1. Quick check, is Ala145 within 16 Å of the chain's Cα centre (by Cα) and in the same structural domain as Leu237 (by TED's automatic domain parsing)?
2. Please give the number of the condition Val146 fails out of (1) without any contact (Cβ under 8 Å) to a residue 12 or more places away in the chain; (2) aliphatic (A, V, I, L, M); (3) assigned to a strand (DSSP E or B).
3. Which residues, counting only those in the stretch 234-253, are in contact (Cβ under 8 Å) with a residue 60 or more places away in the chain and either touching a helix residue (DSSP H, G or I) at 6+ places or on another chain (Cβ under 6 Å) or part of a loop (DSSP other than H, G, I, E, B) (or both)?
4. When the residues of the stretch 5-34 are filtered to those that are among the basic types (Lys, Arg), out of contact with any Phe, Trp or Tyr (no Cβ under 9 Å at 6 or more places or on another chain) and assigned to a helix (DSSP H, G or I), which remaining residue is surrounded by the most Cβ atoms within 10 Å (Cβ to Cβ)?
5. Can you tell me how many residues in the stretch 36-52 are assigned to a loop (DSSP other than H, G, I, E, B), small (Gly, Ala, Ser) and surrounded by fewer than 13 Cβ atoms within 10 Å (Cβ to Cβ)?
6. Name every residue in the stretch 53-64 that is buried (at least 18 other Cβ atoms within 10 Å of the Cβ) and either closer than 14 Å to Asn114 by Cα or of a type in the set (Lys, Arg) (or both), in order of residue number.
7. Please state which one of Cys134, Cys149 is in contact with a Pro (Cβ under 8 Å, 6 or more places away or on another chain) and modelled with pLDDT of 95 or more.
8. From the residues in the stretch 143-178 that are surrounded by fewer than 22 Cβ atoms within 10 Å (Cβ to Cβ) and among the small types (Gly, Ala, Ser), which one is farthest from Gly267 (Cα to Cα)?
Amino acid sequence: MAKRRFIAPERKTVAREVFEHPAFASYGDALDLLRMEDWPSLDLLNSRGSHLRHAQTGRVMRFVAQTDGLLDDGMHYETRIHSRGEIPTRLENWHDLLNAMIWLRWSAMKSALNQRQADDVARIGPRERTRAQCALTHFDEAGVAVRLCDDAALAHWDAHDWPMLGQRLHAEPEAMRVIVFGHAVLEHALDPSRLLVGKAMLIRAQSDVTDAAWMAGIADAIACGGVLNDPLELRPLPLAVLPGWHAQCSEEAFLRSAPCFQPLRDGRHYPLPMSFSPPVSVR
């Protein structure tokens, strides 16, 4: 049976309490864009993004309306962002508004993904897709970035032992820090009844490392091509296993039977987390 395409709820039907969910916690300074009664204008988005620069090209970035006229030139979406600094944005659209919010918060990561995509489009053309492009797209849409400092939690995750992972995370809340990066995951989070599963990139770092630092570490690894060369690098993370992310997250029966908690497929192995290297200070 084919999956039904997710249709985002109308703006007026989304309770403002939805944005208090931990999935949105990393975007606190931009959540008013989601909570305000009316859809934010492109002018407002661009005023918030007056500082935006592409981390690789240095180009000034701006949000532009995705209209038929804009698309008539046939330019690839990623190429347009890379070569012109234009982020096509559909008006009154949750998916694209959330994408804009992530550009405003994690522009280095978005720039790194775009640089890699644009390089592959230039190399093989707009009609083909490499394994790396698939991995980059999966992370851009459904990604969660994870800072991990606990080998026991990693072992439970590797084995898809969700009850033991949940137990470990409740005992050691600082063992894992999760930032939802994929705008499709945030779009699905508009419906509180959905059981969300992210596609995770892991970095090993101590709990006192700032979010900005370890997220920059992942962005650098993406930019240099060291990661996201194959979709199989990404591991599923059912977000309902995280403490405080679901009302039943501490119930073993739920962690064993809910449909988001799938067993490990035979022969499936995951890569080790990348290692965090703090930036070298220059005197």
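1. Taking the combined requirement at face value, the residue satisfies it.
2. (1) is the only condition that Val146 fails.
3. Residues satisfying the conditions are Leu234, Val241, Leu242, Pro243, Gly244, Trp245, Cys249, Ser250, Glu252.
4. Arg16
5. Total satisfying the criteria: 2.
6. Hits for the stretch 53-64 are His54, Ala55, Met61.
7. Unique residue meeting the criteria: Cys134.
8. Going through the qualifying residues, I end up with Ala171.
The values are calculated or read from the model by the stated rules, or taken from the named source; none is laboratory data. Note that the structure is a prediction, hence the values are computed from the model and not measured. Virtual Cβ from ideal backbone geometry, glycine too; neighbours counted across all protein chains shown.
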